[in-house]
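The values are calculated or read from the model by the stated rules, or taken from the named source; none is laboratory data. These numbers come from a predicted model, not from an experiment. Using ideal geometry, Cβ is built from the backbone for each residue, glycine included, and neighbour counts are taken over all protein chains shown.
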Amino acid sequence: MTSPIPSDIYTPVTGKPGNTGSSTTKTTGDKSMGQDAFLKLLVAQLKYQDPTNPADGTAFLAQTAQFTQVEKLGQIAADQEHLLYGQMMLNAGSLIGRSVSYPGEDGEPVTGVVTSASFAGGSPTLRVGDVDVPMFAVTEIRRSA
């Protein structure tokens, strides 16, 4: 005899069959399946399987391999983000002492020399004179005299 999966591991799907509503589902950060939830579900699957008809070993290995692949892709994405941040820091730092142009409040180009760069908020900001300019607003870069 098998026991039902505990409710802290499994949440039943609600809705009626043949529902003609939207066929897309949205996943929020709180409802996405993380590593702990996957492992709990996998353990529950093994714990509550029918001993006379055990789960297929290849399916178990395939699930584990897929989970490992998704986990590694997440690590690669995080590493890429760190590399991009480092590249932006280097690019902003290389502009110190250079003359840059950017659109002013009236839309006309303003030119000045970059005196410093900051990285608050994940986006590089250049200090030009007494004005903080987002690096992405720079339209021209020249060597200073």
>> Cβ-Cβ distance below 7 Å, separation of 6 or more or different chains: which pairs start in region 85-107 with a residue that is within 14 Å of Gly122 (Cα to Cα) and end on one that is in a helix (DSSP H, G or I) and at pLDDT 90 or above?
In response: Ala92/Met135
>> Between a residue in region 50-71 that is exposed (fewer than 10 other Cβ atoms within 10 Å of the Cβ) and any residue that is not in a helix (DSSP H, G or I), which pairs come within a Cβ distance under 7 Å, given they are 6 or more apart or on different chains?
In response: Asp50/Thr2
>> Of everything in region 107-124, what is within 18 Å of Arg142 (Cα to Cα) and out of contact with any Pro (no Cβ under 9 Å at 6 or more places or on another chain)? Give them in sequence order.
In response: Glu108, Thr111, Gly112, Val113, Val114, Thr115, Ser116
> When region 106-128 is examined, which residues are found to be outside any strand (DSSP E or B) and either surrounded by 13 or more Cβ atoms within 10 Å (Cβ to Cβ) or modelled with pLDDT of 90 or more (or both)?
Replying inline: Asp106, Glu108, Phe119, Ser123, Pro124
>> Regarding region 89-101, can at least one residue be identified that is in contact with a helix residue (DSSP H, G or I) (Cβ under 8 Å, 6 or more places away or on another chain) and assigned to a loop (DSSP other than H, G, I, E, B)?
In response: yes
